[in-house]
1. Set the Förster distance to 22 Å, then compute FRET efficiency between CYS631 and THR377 from the Cβ-Cβ distance, nearest 0.05.
2. Among 210-217, 308-315, what's the highest-first ranking by average C-beta atoms within 10 angstrom per residue?
3. Whose amide H sits under 5 Å from the amide H of LEU272, counting only residues 5 or more places off or on another chain, with H placed in the peptide plane?
4. SER411 versus ARG231, label points 7 Å from Cα toward the beta carbon: distance in nm?
5. Set the bar at 18 Å for Cα to Cα. Now go through LYS462/LYS486; LYS316/LYS402; LYS316/LYS486; LYS553/LYS587 and name every pair that lies beyond it.
6. Only Lys, Arg, Asp and Glu count, each charged at its Cβ (+1, +1, -1, -1), so figure out the dipole size of region 443-539 about its Cα centre, rounded to 20 debye.
7. Can you list the GluC sites (Glu not before Pro) in region 463-537 that are in a DSSP coil and have 11 or fewer other beta carbons within 10 angstrom?
8. Which order do MET19, MET98 take when ranked by solvent-accessible area (1.4 Å probe, heavy atoms of all protein chains), largest first?
Amino acid sequence: MDGSTAAAAELEAAERVVMRWDSTASASYGGGGGGGGGDEQMLFDGGGDRVEAERFLRAVDDLRRLAPPSPATVGSPRRTSSASGGGGAASNAVQVAMARLEDEFRHVLTSRALDLEIEALADLTSLSMCSDRTNSADVAEEAAAAAADEDDSVSSSVGRRSSYRSLRSIREIDLLPADAISDLHAIASRMAAAGYGRECVQVYASVRKPAVDSALRRLGVEKLSIGDVQRLEWEVLEAKIRRWIRAARAAVRGVFASERRLCFLIFHDLPLSSSTITTATHDAPFAEAVKGAALQLFGFAEAISIGRRSPEKLFKIIDLHDAIADLLPDVSDIFAASKAGESIYVQAAEIRSRLADAVRGILSEFENAVLRDPSKTPVPGGTIHPLTRYVMNYSSLISDYKTTLSELIVSRPSACSRIAPEGNENAPSFPDLDLADPDSQLPLAAHLIWIIVVLEHNLESKASLYKDAALSHLFVMNNVHYIAHKIKDSPELRGLIGDEYLKQLTGKFRLAATRYQRTAWLKILNCLRDEGLHVSGGFSSGVSKSALRERFKSFNAAFEEAHRVQSAWYVPDTQLREELRISIAEKLLPAYRSFLGRFRHHIENGRHPELYIKYSVEDLETSVTDFFEGCPPSLHNRRRSHG
């Protein structure tokens, strides 16, 4: 038997093996070992008997070797085989083989898939935001080793590590058993070699895409349009952002990473083409399987990034920005290495950039909102204004996000550019902003100081609403003291603002306290002076008793009014309240004691002394403890009898 005869015999034998598994024939025609119909037997059924599957693969190899397909016969195996009335037995056998392999490929992908443990993926959320990156030299070395291990055997891909490394932030989960992956690689390599790579990719995507979509649904990723997201109330959206961050980490580092590894093991180095890419790499099936899910996943973050900006959104948007920034290196490793998936990385990077812009815009909005907070009604008792609490709590949170904000806030505030009256000619003038040397201060620190300066400016206008000047000073003291102590109590905030500005604030609230005391107590203390009490000439005692009685009455009335009014004023800080009382007592009690000592006998020697000397020094000392409690007590209940 010569060579051509032997080759013909081999080709005929291969055709017989293939035709026994004709998927395109009817059930009655299928016959033999293949069988058609609803209960069609499969070659790659995951069972222990591999003999028939190996025989079929060898037959396909023989067909390709002995009767390579012409370009005219390459195409969808079902379409070509059904349309071709002739073309030769070998050509028909190739079509039958490809149709069978397509069915087998789909069957293995569907029937051998492992259940994805979403609970295990949820653990990815506990991983460090800043994972250690693998050395690029190690990646190159492993890729070279993987390439060196390549061969055409059926099991060449099983157990081999991908050149796509499993980074510390990545958790690659087995989506199919190793033997199933080996079968898929064997099938895909035959289809690609015969020019049916596109069909193989289509089957792969048709099976894996629903699996990826299902995994994201189980992670809690919702199908929401940009409009849906932007119509949600912010409180609802906050909870969704928290869930999205957890889901995104699991999706990228678990689902997408595992899908890419599976795709690599099946299609690595195979000549493929997809429906969208004429000349595709082994990443094309992966891109077609996950691209829709990835676009949906990042679409939520995109909707947030272009939504309406308002101060309450700042910190959740920073969380979202940080989460995407943390994921970007992994998104790059998973998607950007291929043309097919590069758009996913580009989208994620653009979203991060838009979120950064949103953060900067919101901070500017916050500064202007503090400036324009309307002054309508003074807070009762001169206590801390709600705006002061809100701004300082907000500023403390800003300092907690120092790491991110120091990267995003790169320009310093400017009084002329930030105070925009928006057509309001009555907008208040604003003091110049005196900031430290730019080389010694972060732009973020300059913005925090600016916010406090703006707050102080607003508080000054609110202080002017009080009709009582002393209460106005007390209000300023309370609020500036609160600002200073919030800075002292937060190491991060204090580190940004600095001790120099803190000293200025301390000086301001002490000055306000001094002004309060001068305004509130000067008139009362003047009642205890000698001026106007002495009578000139004659041989009398030199003291006008009527003037003295009027002076005692004036003091009593002034003190009672101060006690009534200032007991209702409120100093919420316990230490400051006590210091203020002590300061008042140190001025009032010695002056009253001295005045009483000098003039008491003039009153007690006259009629009804109790009408004029109503209080002892101890009574005044006790009464002062009622001041700044926010509720006026009865002064008469504190009086003692001194008859």
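1. Step by step, r from the Cβ atoms, then E = 0.65.
2. Numbers: 210-217: 18.5, 308-315: 15.9.
Ranked from most to least packed, the peptides come out as 210-217, 308-315.
3. Sorted by chain and number, the residues that satisfy this are ALA280.
4. 3.6
5. Details: LYS462/LYS486 20 Å; LYS316/LYS402 14 Å; LYS316/LYS486 22 Å; LYS553/LYS587 20 Å.
From the list (LYS462/LYS486; LYS316/LYS402; LYS316/LYS486; LYS553/LYS587), the Cα-Cα distance tops 18 Å for LYS462/LYS486; LYS316/LYS486; LYS553/LYS587.
6. On the way: 12 positive and 9 negative charges, 25 e Å.
For this selection, approximately 120 debye.
7. GLU531
8. On the way: MET19 55, MET98 5 Å².
Largest accessible area first, the list is MET19, MET98.
The values are calculated or read from the model by the stated rules, or taken from the named source; none is laboratory data. Computed from a prediction, not measured in an experiment: that's the story for all the values here. As a convention, Cβ positions derive from the backbone with ideal geometry for all residues, glycine included, and neighbour counts pool all protein chains shown. For accessibility, only protein heavy atoms count, side chains too; no ligands or nucleic acids. Shrake-Rupley method; radii C 1.70, N 1.55, O 1.52, S 1.80 Å.
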